[in-house]
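The values are calculated or read from the model by the stated rules, or taken from the named source; none is laboratory data. Values in this document were obtained by computation on a predicted structure and should not be read as measured data. Virtual Cβ from ideal backbone geometry, glycine too; neighbours counted across all protein chains shown. Surface accessibility is based on the protein's heavy atoms, side chains included, excluding ligands, DNA and RNA. Shrake-Rupley method; radii C 1.70, N 1.55, O 1.52, S 1.80 Å.
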Amino acid sequence: MFLNLLSGCTFFVKTHSGNGTERKFADRITSTISPMKRYSSTFHPGDSPCSRCTDSSLTLPADMKKVLPILFATILASVSFAQNCVRDSSILQTGALLSPPYWDTVGRKYALADACINNPYNQFITVNVPLAFQNIPLSSVTIATSGAVSNLPVGLTYSCDPPNCVFAAGSLGCIRMFGTPTAANTAPDTLDLGLTVTVNTLLGGIPLIFPSQLPGNNHYYLALKDEQCLVGTFDPNSDLGFVKASPNPFSSETVITVESLIPGEFNFEVFNILGKRVHAREVRMAVGENQIVFDGSELPSGSYFYSIGNVNGRISRPIVISH
């Protein structure tokens, strides 16, 4: 609104030779607001910009005096909103390092908002920066302004508040993940995000990856869904925490990495696009990370789904065979 107002202004400058330079300014505001009265002032070398201004020469209509503060307040509010990163101050009471909380073997919760193909995404992450790390006083925690968040879906990026991504000790830093996941991603899928930080102490910088390098089995899982956001990719009752096939697509073999919360027998099955089961076997897994090698060299090129689970729940993911 304020820019539209300025676009209606015309400025005239006229210079005369002689003992001094005279500049006449006439402003014309063409808008729905009542026009300002034309004013002019004469300036001479050595004068301060307003040494010859008088109240009568810069008189504004009463309605304009009321409108201008509102215009400037609107501009400031818009700028502040655009740069605002919403922090979760509740972690000051809980003592948590990150909000939303990361996935662990106790909570087993995907706390980050689900991302969906071709749908705008926005997620704020609050970083509660401690005063000390392993009993060593720290000054700040920093992350790179780009490339510090690993495994982001194609189309997503991040920014920080403050913009330089330097979070002082004892403060709440804020990271905003935003963008639109593109069709270049495979969906549904589960992405294990990592936040690479440098903990700056009196003894120097200590590189860490949050939350995977915190004590315990911790992950920042991001569920990526299809364009309709209707495909459920994670069964909260499942005894599995993370499943991913790599490479995908593949021509002969792919390795499926599975994180199990319990030891035991699980069913591994593969279905074609019509729902016909083309492979099935029982696999035994230990607590933690497991790997299943699947040979698809005898199957036609195309799209398939694999499923891993037990009586408590199942997780399914797509794979593509391309000979």
Selected residue (only one of Ala148, Ala168 is closer than 19 Å to Thr126 by Cα, open to solvent by 10 Å² or more (accessible area, probe 1.4 Å) and among the hydrophobic types (A, V, I, L, M, F, W, C)): Ala168
Between residues in the range 296-321 that are at negative phi and touching a residue at least 40 places away in the same chain (Cβ under 8 Å) and residues that are among the basic types (Lys, Arg) and open to solvent by less than 10 Å² (accessible area, probe 1.4 Å), which pairs lie under 9 Å by C-beta distance while being six or more apart or on different chains? Tyr306/Arg317; Ser307/Arg317; Ile308/Arg317
State whether one or more residues within the range 283-302 are over 30 Å from Ala111 (Cβ atoms), assigned to a strand (DSSP E or B) and open to solvent by less than 70 Å² (accessible area, probe 1.4 Å). yes
The condition of being at pLDDT below 80, surrounded by fewer than 17 Cβ atoms within 10 Å (Cβ to Cβ) and of a type outside the set (A, V, I, L, M, F, W, C) holds, among Pro215, Pro207, Pro236, only for Pro236
Would you check which residues across the range 116-133 are part of a strand (DSSP E or B) and within 15 Å of Val199 (Cα to Cα) and list them? Val127, Asn128, Ala132, Phe133
Need pairs with beta-carbon distance below 9 Å; first residue in contact (Cβ under 8 Å) with a residue 60 or more places away in the chain and buried (at least 20 other Cβ atoms within 10 Å of the Cβ) and within the range 110-121, second in a strand (DSSP E or B) and of a type in the set (D, E, K, R); sequence gap 6+ or separate chains. Ala115/Lys225; Cys116/Lys225; Ile117/Lys225
May I ask you to verify whether Val243 is modelled with pLDDT of 90 or more and aliphatic (A, V, I, L, M)? no
Which condition from (1) in contact (Cβ under 8 Å) with a residue 40 or more places away in the chain; (2) in a loop (DSSP other than H, G, I, E, B); (3) closer than 30 Å to Tyr304 by Cα is the one that Asp192 breaks? (2)
What's the total number of residues in the range 171-188 that are open to solvent by 20 Å² or more (accessible area, probe 1.4 Å), touching a residue at least 60 places away in the same chain (Cβ under 8 Å) and in a strand (DSSP E or B)? 2
Identify, please: which residue in the range 248-280 is open to solvent by less than 70 Å² (accessible area, probe 1.4 Å) and part of a loop (DSSP other than H, G, I, E, B) and is, among those, modelled with the lowest pLDDT? Gly275
Within the range 134-149, tally of residues that are under 13 Å from Ala168 (Cα atoms) and outside any loop (DSSP other than H, G, I, E, B): 6
